[in-house]
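Below: the structure, in structure tokens.
Each reported figure results from applying straightforward, stated rules to the coordinates on display, with no laboratory input. Model, not experiment: these values are computed from the prediction. Cβ sites come from the backbone with ideal geometry, for glycine too, and all protein chains shown count toward neighbours.
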Amino acid sequence: MTFDFHHDGFEWLRDALPASLINAILQEVARDDEVNSGSGVRNAERKYATLKEWLAGGDLKRLACRYLEGAPQQVRTILFNKSPRKNWLVTWHQDRTVCVKARFDAPDWGPWSEKDGVMHVQPPIATLERMLAFRIHLDPTDESNGCLKVIPGSHREGLLSHERIQQVAASSKPLSCAARAGDILVMKPHLLHASSKGTAPNQRRILHVEFSDYPLPAGAQWVS
Ligand SMILES: O=C(O)CCC(=O)C(=O)O
């Protein structure tokens, strides 16, 4: 079955990265205790030289140009892990928050919060419409290690209340996003997604890299 980024809110790029690149990134990542013992590493692009070099080469940015009309900018990179030591779950939600360098006043931006010295804010839906996340699979995943689940097309309802999320989840057939290492899931941040604990957890490392072509209000800058 094929899915379309704009219509379904996600699509697959199967076997998109060579094993040599995946292995090089994994070798570096596997040495980091923060990955092995935690659930995620923020600003992963600054931490791992292999990843930094590959991202600077621009291949992923060129891929983002297929989905965004303007010039894409890399705005956030997180390395997620789910492992026997940290076998977590997330309930159905939309990613509604972005990180910017400093607070600014603009209609429809807010509420604001500061986490680890970084300003987080909920942007208007127009911003989310001009964003994408590449979920780059470094390990194979299925329900046994808690793969992502999505509700195809749910982004088309816009920003949903907590109650509406429960209704949509109860009346939809979620799709489990089983993948092999090297597969990339391209998704819109406000597509409804969740993931369960793994039933037989092993390492499930995923690089989550967000791009946007949204022109921020004058003077504002992404944290990238
Ligand atoms: O990787 C997962 O299973 C969930 C990640 C997630 O919830 C997110 O990207 O917001």
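Some points to look at:
- When each of Lys115/Lys173; Lys52/Lys173; Lys101/Lys173; Lys101/Lys149; Lys86/Lys188; Lys61/Lys101 is checked by Cα-Cα distance, pairs over 29 Å: Lys115/Lys173; Lys52/Lys173; Lys101/Lys173; Lys101/Lys149
- Global form of region 1-82, assessed from the alpha-carbon gyration tensor, a/c cut-off 1.5: prolate
- In Hz, Karplus ³J(HN,Hα) per residue of region 123-136 (6.51, -1.76, 1.60; θ = phi - 60°; x = Gly, Pro): x, x, 4, 4, 6, 4, 5, 10, 10, 8, 10, 8, 9, 9
- FRET efficiency, 1/(1 + (r/R0)^6) with R0 22 Å, evaluated for Thr50 and Arg14 via beta carbons: 0.45
- Principal axis dimensions, the chain - Cα atoms, whole angstrom, descending: 45, 42, 32
- Taking the Cα centre of the chain as reference, the dipole from Cβ charges on Lys and Arg (+1) and Asp and Glu (-1) amounts to some 360 debye.
- Axial C-alpha extent at least 15 Å, average Kyte-Doolittle at least 0.5 - helices from the chain (DSSP): 19-30
- When each of Met131, Met187, Met119 is scored by the number of other beta-carbon atoms lying within 10 Å, the sequence from fewest to most is Met119, Met131, Met187.
- Residues Glu163, Glu129, Glu45 arranged by fewest to most Cβ contacts within 10 Å: Glu163, Glu129, Glu45
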